[in-house]
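Everything below concerns the one structure shown next.
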C-alpha cells in the first residue's frame, strides 16, 4: 500500500508531541531499559541512531540525555515537526540530536552508516509494515528496534479508525494495525536480521479513561493485577521488538 500522508500532515495532535519533552512516556523509558538489557545500547555507547517517525524529536531528546556519547537523527514527514523540534534542540543547546524531513516509505540511501534504527509508536499507524521494514533493511544498520502493536500468532489485522464530530461527520482517519510477529520476523530475517527478540510492554501506571469517550490511551486492570491499554474501543497489544544482523553479537 502507498503511504497515506493526511494523518501525518493534517489535524496533528501537537500536545501529544509537546508533553513528551516535559516528561518521557513510560513506553519510551521501558523501551530504552529493554534495549540496554539485550545489549543494543549502553549509557556509555558511542552510536549513530536514526529514529523513524520521530515527530518533534521528544524520544531522541530523552535518548540523547540518557546516552550523551551517541548521536541521534530523527526523520519525520511533517516539516512543522522538524522545524519545531530543531528549534527546541537549538534553544536548549542539545548537540547530539537533530531532525530532518523524510518519508519512511522512501528513505535516503546516501546517508552515513548507522548503528541502529529505532521507531516508536509508528509502524502500526502506517498502511502496512512490509515496505517500511524493507526500507529500514536497505540502510543496513547493525540492529533495528521498534515499539508497536503486534500479535504473537500468524494473524495480522488492518484496523482503520474514524473519528466523528458532534454532527456525526468524519473528522479524522488513521490506522491502528496489529501485525503478526512471526511474519514480521520472517521479513527481517530475509533481510539478514536473523537474531530476533520480543517482549510485551505492560505500562506500570494507571491512565484514566477520557470522559468524552473519544480516542485516548487509558488502562484497565485485569483480575491478575496486570494492566491492559485501550484507546476508545480498541485493545492496544504493545510489544518491543529488536532484530540484529546475523554477523552482530
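The values are calculated or read from the model by the stated rules, or taken from the named source; none is laboratory data. Here the structure is a predicted model, which is why all the values come from computation and not from measurement. Ideal geometry is used to build each Cβ from the backbone, glycine not excepted, and the neighbour counts take in all protein chains shown.
What to note about this one:
- None of 202, 214 is in contact (Cβ under 8 Å) with a residue 24 or more places away in the chain, loosely packed, with under 11 Cβ neighbours inside 10 Å and either closer than 26 Å to residue 130 by Cα or out of contact with any helix residue (DSSP H, G or I) (no Cβ under 9 Å at 6 or more places or on another chain) (or both) except 214.
- Residue in segment 12-33 that is touching a helix residue (DSSP H, G or I) at 6+ places or on another chain (Cβ under 7 Å), crowded, with 22+ Cβ neighbours inside 10 Å and not in a helix (DSSP H, G or I) present: no
- Scanning segment 149-170 for residues that are over 13 Å from residue 188 (Cβ atoms), touching a residue at least 60 places away in the same chain (Cβ under 8 Å) and either loosely packed, with under 12 Cβ neighbours inside 10 Å or within 15 Å of the chain's Cα centre (by Cα) (or both) turns up just one, 149.
- Evaluation of residue 103 against the conditions (1) surrounded by fewer than 19 Cβ atoms within 10 Å (Cβ to Cβ); (2) more than 18 Å from the chain's Cα centre (by Cα) shows that the sole unmet condition is (2).
- Residues that are in a helix (DSSP H, G or I), over 24 Å from residue 196 (Cα atoms) and in contact with a helix residue (DSSP H, G or I) (Cβ under 6 Å, 6 or more places away or on another chain) are absent from segment 80-88 altogether.
- No other residue among 112, 127, 141 is buried (at least 20 other Cβ atoms within 10 Å of the Cβ), out of contact with any helix residue (DSSP H, G or I) (no Cβ under 7 Å at 6 or more places or on another chain) and assigned to a loop (DSSP other than H, G, I, E, B) apart from 141.
- Filter result for the condition that a residue is in contact (Cβ under 8 Å) with a residue 60 or more places away in the chain, surrounded by 15 or more Cβ atoms within 10 Å (Cβ to Cβ) and more than 21 Å from residue 32 (Cα to Cα), over 231, 194, 180, 174: 174
- Contacts under 6 angstrom Cβ, first residue in segment 13-26 being within 15 Å of residue 121 (Cα to Cα), partner surrounded by 14 or more Cβ atoms within 10 Å (Cβ to Cβ) and modelled with pLDDT under 85, 6 or more apart: none
- Conditions (1) out of contact with any strand residue (DSSP E or B) (no Cβ under 8 Å at 6 or more places or on another chain); (2) surrounded by fewer than 16 Cβ atoms within 10 Å (Cβ to Cβ): number failed by residue 79: (1)
- Residues in segment 183-199 that are assigned to a strand (DSSP E or B) and touching a helix residue (DSSP H, G or I) at 6+ places or on another chain (Cβ under 8 Å): 196, 198, 199.
- Total residues in segment 216-229 satisfying the condition of being assigned to a strand (DSSP E or B), within 27 Å of residue 196 (Cα to Cα) and more than 17 Å from the chain's Cα centre (by Cα): the figure is 2.
- Residue 72 in a helix (DSSP H, G or I), within 29 Å of residue 205 (Cα to Cα) and in contact with a helix residue (DSSP H, G or I) (Cβ under 9 Å, 6 or more places away or on another chain): no
- For the criterion of being touching a helix residue (DSSP H, G or I) at 6+ places or on another chain (Cβ under 6 Å) and closer than 28 Å to residue 24 by Cα, residue 120 passes.
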